[in-house]
Amino acid sequence: MRTQLLALMLGAAAVGCDNGQANVLEGIPSIVYIQRTVTDTGNVFDYQGGGTSANLFSLTPPSASGVKKNLTNWTAADINALDISFDAREIAFSAKAPGEDRFHIFRINVDGSNPCDAAAGKVSQGACQITMGGNDEVYPIYAPNGRIFFVTNQNVEGPAVPQFRDEYERATTAQAATMMLDGSDLQLGPRNVSHRVAPNMMSDGRVVLTEWRHLGETNEGDLTILNQDLTGTREGFGREGKGITNNYLRAKEVAPGMLVAIGTSRDRTYQAGKLVLINLGGPTVDSQSEARSSVVDLTPDVPGDRTPSFTGVGRYYDVVPLQGKADQYLVSWADGPVESGVLGMANASPDFGIYVYNAKTKERFPIVNDVGPWEVSPVAVVKRAEPAALTGAFAAQGTQSTLLAAVNVYDSSLLAIPAGTVVKARITEGFSSEEGFPNMFGLTEFDGMARLGEADVNADGSFKALVPANTPVRIQLIDKFGMAIQANGIGAGAPANTTEPVWIQGRAGEARVCGGCHEDRTKSIQIAPGSSTLQASGAAAFDYAGKTRMERQSTDYSAANVMGVPWDKALQPIFDAHCTACHDGTAGAANPSYTIMDVTDMSTFSFTFDLTSKPVSVMNGEQMYTFSASHVSLLGPDMLFREKQIMITMGMPKEYVSPGSAVTSEVIKMLNPPLRFPAVDMTQGAFGPRNTKPQHPAGEALVYNGHNGDDAAYQLTADEYYLLQLMADNGGQFFSRENAPGSN
C-alpha cells in the first residue's frame, strides 16, 4: 500500500515534446548537462557524493526533437559540476574519472573535442585533465585572464597540516582556490572552518558561493561574496535574519545585484529545494548591503525545510537564468516527495529532468528527462561578457600575516553598544576534529577554539591586531569584567550579542578592515594606501610567527597566557579545589537530581549534580561519548536529546552555562566575577558588590557542609574566574587543542 501511494504521489515523469514549445529556448543553439544515475547526494555541502555512470551531454537544439550527444563517453564515472567558457567554446567540469577515487578538473570543447590537444596543434576527442594528485577539486568556473576558480580540500598550510573537518559528517572541508586553465599557478585561499561550495562568477567580477556557517547555534548555508584573488570576503545573503530557508545553494546572477538560487534544508532533500530571487540591495557594490537585501519566493508551494513535497510541486536541484528572457529559468526538477526519508521507506528515488520554468506564469516546459537517470546542472551554450579582473581591496603593509582592524566598534546598524563599555577585542581561532579529537567536542554545538589574544580598543573605538594568515577567527568585544558584551538590538529581531556568529579569515598580507560591528554595509570604508589602519606597526601581535597551528596552545592557564580551555586541565582543578566538598554527586539540596526518558526507544538518563571528575558516558545518536560529571552538570543534557521525543520523569535539568555567553550564564551570575580591567579589583563584581567574599553560596538559603562563603579555601582567584568566563564565552567545550594527541 505504501509503495502504491508513493507511486501516485510521484506521478508520471515529464517527457519532452515540441507541442507548442518550439520557441521556449529560442536563440539558444544548444545546452549541456550532466546525466548520472540516481543517488542520495547527502547534505548540500557534500561535494564528494554523486552518481555513477555519469556523462556530459549536449542537446542541439534544446528541445525534445534535438540531437543528444554524449561528450565524455565514460563508464563508472561521476561528475560533480560544470561551467561554460565566456566564449561558449569549451566546458570545465569536475569528475571522478573511470578507475579514479578523487575528483579532478577537466576541460572539453562543446563539440566533444580535446582543447588541450587543439592548443598543441593536435586533433582528438575527449576531455583533458588539468588537476592531479591526492586531493579533490570540484565546482570549477571560468574566471577572467584565463583562470579557473574552484574549490578543493587541499590545505593552504601544506600537506603536513590536516584540513579542517566539518561539524557534522566530519568530512574534509572544501575551500576556495584558483589556477590557470592548464592547471598552473595554483592559488589556495584562506579557509573557513566549514565548507565553501557552488561558486559562480558575477558580471562585476566577484564570486558568489555558499558558505556553511556553523558556530554554536548558527547552522546555515549563506551566500558569501569574494574577489577573484580570494580576498575581500563579505556576506551576501542569509546572515541577518531575512532568509526563508536555512541554506541558499547554486546562486546565479540574473542581473547586477540580483541572484536566483535554490533555497533548501541542509540535508534530506537531495540538495534540492525552492527557487528564490535575491536582491542584494542594489546593482552596484557600494549599494549592496545585507541590511537592505530582500528575497522573493518564486515557488511558494515547494517546502523550504525537510517536509516532503507533493505531486506537481516537487523540488528543484539547479537553476540558471535565461539571458534575454525575463522570469524564465533553465532548471533541474523532480516531481513528488523529494525527501530521502519518505522515498527511502518505499525504496524509491526522485527523477530529476531538465525544464524551463516561467516564474511569472508558474509553468514548466519539459526539455529532456530520460527514464531512469537524472539530468541535472543544465547550462545554455551562449557567449557572455568576460568580467574585469579584480584585485584585493586592502593590502596589509609590513606583514605577511593577516591584519584585522575596525575603525570604530561602536558603529553599528544593529546593536546599541553603550559608549565606553568596550575594553578589548578578543580574537579566537577555530578548528575541528582534524587534529585527533573525538567527533563531539562537548555537550554544546561549539567546536574547537583557541584564544589568540585580546587587543586594546582605543578611545575612538578602533583596534587592530595581527592574526595567522588563512586561519578562521572570530571577534568578541569584551567589557571591563572580561566577558563578551551583550548589547540591545536596534529594531525588531536584531542581535543582542556583540559576538558575531561567523568566522572571518584573510590571505597572507591581507588587511581585513571593517567600519564597525554590524556597521551599515552600504558605507564605503575610505582608507588610502599608507594609512595607519593598514600598517602592521602598532597592531597587537597574535600571529605567533614561527608557531604551527598545533603549537598555538596553552603552556599555563593564567589569564595572560591561556589559549585553549581544556576542561580536565584548566577547569577541573578549580572544581576540585573549591566546589566538590559540597557538589560531589551525593543526592540532596546541594545536588539536585533528574531523570529523562527518550520515548522513541524508552531509554532513560538519570543524573545527580556533581562537579567531580567522575566519568559519565552518554549517547549522542549512535555514538557513545565520555565526559566528566562536572561538564554534564554545568552544560546540561540538552544537546543529547535534540530532535528526540523526551519526557522528564523526575526533577528538572538545568543549564548553568549558556554556551557562547558568559554574561547570561547562571553559574557566572552566581559567582559574580570581579573587575578585571584596567586592574583586578576583587571588591567590584559584574553583578553587584563583592566585598571580597565569593557570592556563592553566601546569601543563599542553604549552607552546605558548614560552608557559608567565609572560608578562604572556597574563594576563587581572579584568573580562575576568568577561565570560567572564557569557557562560557567560547561555547563550553570539553575538549580543547591541549587535549589532542601529542599536546601539552
Toward the positive end of the charge dipole of the chain, about the Cα centre and with charges on Cβ (Lys, Arg +1; Asp, Glu -1), which of SER53, VAL562, THR608 goes farthest? SER53
Taking the beta-carbon count within 10 Å as an exposure proxy, list ILE354, ILE31 from fewest neighbours to most. ILE31, ILE354
The chain, Kirkwood Rh and Cα Rg, ratio Rg/Rh at 1.00
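Give the order of TYR316, TYR722, TYR168, TYR544 when sorted by the count of other beta carbons within 10 angstrom, beginning with the fewest.
The fewest-first ordering by Cβ neighbours comes to TYR168, TYR544, TYR722, TYR316.
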In deg cm²/dmol, rounded to 500, what helix-only [θ] at 222 nm does the chain give when every DSSP H run of at least 4 residues adds -39500 (n - 2.57) and the total is split over its residues? -2000 deg cm²/dmol
Give the aspartates and glutamates reachable from LYS614 as a straight Cα distance under 13 Å; neighbours fewer than 8 places away on the same chain don't count. ASP568, ASP576, ASP584
The chain - charge dipole about Cα centre, Lys and Arg +1 at Cβ, Asp and Glu -1, debye rounded to 20: 980
Rank these for me by crowding, TYR410, TYR248, going from fewest to most other beta carbons within 10 Å. TYR410, TYR248
Give, rounded to the nearest 20 debye, the magnitude of the charge dipole that region 570-739 has about its Cα centre when Lys and Arg contribute +1 at Cβ and Asp and Glu contribute -1 at Cβ. 220
Quick check: net charge around ALA77, other residues with Cβ under 13 Å of its Cβ, Lys/Arg +1 and Asp/Glu -1? 0
Please compute the net charge surrounding VAL368, taking Lys and Arg as +1 and Asp and Glu as -1 over other residues with Cβ under 9 Å from its Cβ. -1
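Which entries in LYS96/LYS360; LYS242/LYS547; LYS464/LYS669; LYS569/LYS654; LYS252/LYS362 show an alpha-carbon gap greater than 29 Å?
Violating the 29 Å limit, Cα to Cα: LYS96/LYS360; LYS242/LYS547; LYS464/LYS669.
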In region 607-689, which GluC sites (Glu not before Pro) are in a loop and have at most 11 other Cβ atoms within 10 Å, using DSSP for the loop call? GLU622, GLU643
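FYI, it's all coordinate maths here, none of it is from the lab. The shown structure was predicted, so the numbers you read here are calculated from the model rather than taken from an experiment. All Cβ positions, even for glycine, are placed from backbone atoms using ideal geometry, and neighbour counts span all protein chains on display.
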